[in-house]
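*Asks:* To start, I am sharing the structure in question, which I have written as structure tokens.
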Amino acid sequence: MSGGAATVRELSVRAFQHLLRLTPPGACHPAADELEDRLTAWAVATGLCEPDRTQALARRRIGRLAGWCMPDAPVAVVRVTARYLAWVFVFDDSVAEDEERLRQQAVMDLPRVLETGALPPGPCGPLVPALASVRQDIVDAGGAALLPQLSQGLRQYLASCAKEGPWRATGTPPTLAEYLDDRTHTSGGHPLYLHLLAPGMPPLDEPLPSALIGLAEQAFLIGALANDLVGFAVESRHGDPVNVITVLAQEFGLGLPEAHRAAGVLHAAQKHRFDTDLARLLGDPDLSGPQRTFARAVDGWVAGSAAAIEPYLHHLMSLEP
């Protein structure tokens with residue numbers, strides 16, 4: 001690929017403008033500012049973040065992100081979602097791209113911690129008790145029946161993160177098909193299912209139709225591709241091949257500007273597919289009222305995720321001179 005550092009920064013800004021045009025954010029939860037203020041204090045209290053290392057969390061405005069994604073949910077539901085999202089963001093920043101740290105965390109069996117609350121023996125570092133704290137919040141919010149599904153989502157996330165190790169070690173991008181399958185889960189979007197704790201949603205012990213699960217996974221991928229478009233400026237400087245732009249450039253022999261445009265087209269196509277599938281689902285007479293409510297919540301998550309793009313862009317640019 002070609003293109004200097006200034007060029008990729010400019011392309012990231014253009015990607016941000018493209019994404020907001022495609023999916024303008026909707027309303028935000030009225031308690032979002034309070035949630036944002038309290039999230040950092042929770043992260044410090046649980047040991048997730050050291051008091052002098054909370055800048056990345058603050059820059060990403062995760063409390064407000066949860067507020068954008070869940071504007072109508074009860075405060076308790078938005079709060080626990082923000083805490084779980086914060087945990088995923090910290091894990092993503094500190095562990096997900098480091099093979100050795102991933103292996104260390106695999107020994108802890110984090111999905112089991114989330115599902116059962118059982119802590120591994122011996123020293124385990126701050127991520128484990130913080131995850132146990134999130135679990136307790138979920139139980140307190142009435143979501144014990146949701147823990148197996150969330151645990152499975154975390155297991156898929158961790159497995160997909162591990163799958164990226166050889167790509168980074170060799171500097172070789174995967175195929176586009178491999179990447180899209182992997183990126184659906186490395187987005188860490190499974191906290192979306194905490195929306196099921198809100199009133200009017202399907203019962204927690206009722207399996208969701210496969211079409212609804214598929215819609216949620218499309219939402220995960222749309223957010224992941226948006227992050228790829230904005231984050232490419234930083235990732236390319238570090239030679240990280242795990243980005244849709246790098247994957248497209250490799251698979252189709254594209255230069256940087258063409259690969260960036262192709263990634264934008266791919267993101268827009270995924271959003272169009274999502275909108276089409278959502279309309280088809282909402283028109284299905286067999287879909288129950290609560291299932292329709294959840295489908296609309298997934299749509300709200302996609303719109304809310306768009307609001308995270310600007311702080312994410314500023315966060316990434318703060319990491320580079």
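The values are calculated or read from the model by the stated rules, or taken from the named source; none is laboratory data. Bear in mind the structure is a predicted one, so any value in this text is a computation, not a measurement. Using ideal geometry, Cβ is built from the backbone for each residue, glycine included, and neighbour counts are taken over all protein chains shown. Remember, those area values only see protein heavy atoms, side chains included, never the ligands or the DNA or RNA. Shrake-Rupley method; radii C 1.70, N 1.55, O 1.52, S 1.80 Å.
*Asks:* Specify the inter-centroid distance of segment 22-100 and segment 219-290, based on alpha-carbon positions, in whole Å.
*Replies:* 23
*Asks:* Expected output is a single nm value to one decimal: the length gained when fully extending between ALA159 and ASP277, i.e. 0.36 nm times separation in residues minus the C-alpha distance. What is it?
*Replies:* Extra length available between ALA159 and ASP277 comes to 39.7 nm.
*Asks:* Given the DSSP H assignment, sum -39500 (n - 2.57) over each helix run of at least 4 residues in the chain and divide by its residue total; what's the result at 222 nm in deg cm²/dmol, nearest 500? Please report the intermediate quantities before stating the final value.
*Replies:* Values: 16 runs with 223 residues, N = 321.
One gets -22500 deg cm²/dmol as the mean residue ellipticity at 222 nm.
*Asks:* Moving on. Loop only per DSSP, at most 13 neighbouring Cβ atoms within 10 Å: give me the trypsin sites (Lys or Arg not before Pro) in segment 20-129, ordered by residue number.
*Replies:* ARG53
*Asks:* A further question on this structure: Under 20 Å from the 7 Å Cα→Cβ point of LEU204, by amide nitrogen: which residues of segment 80-106?
*Replies:* 80-88
*Asks:* Cβ under 14 Å from ILE222's Cβ, ILE222 left aside: what net charge do those residues give with Lys, Arg +1 and Asp, Glu -1?
*Replies:* Working: positive: ARG183, LYS271, ARG273; negative: GLU217, ASP228, ASP275, ASP277, ASP299.
Once all neighbours under 14 Å are counted, the net charge is -2.
*Asks:* Separate question: Would you tally the net charge around PRO209, using a Cβ to Cβ cut-off of less than 14 Å, leaving PRO209 out, and scoring K and R as +1, D and E as -1?
*Replies:* Within the 14 Å Cβ shell, the charges total -3.
*Asks:* What percent do you get for the relative contact order of the chain when only Cα pairs under 8 Å and 6+ apart count?
*Replies:* Relative contact order here is 27 percent.
*Asks:* Report, to the nearest whole %, how much of the accessible area of segment 65-168 belongs to carbon and sulfur atoms, 1.4 Å probe, protein only. Write down the numbers at each step before the final one.
*Replies:* Working: 2350 of 4290 Å².
That share works out to 55 percent.
*Asks:* Counting only heavy atoms of the protein chains, get the accessible area per residue of the chain (1.4 Å probe) and round it to a whole Å² value. Write down the numbers at each step before the final one.
*Replies:* Details: 13800 Å² over 321 residues.
For the chain, the solvent-accessible area averages 43 Å² per residue.
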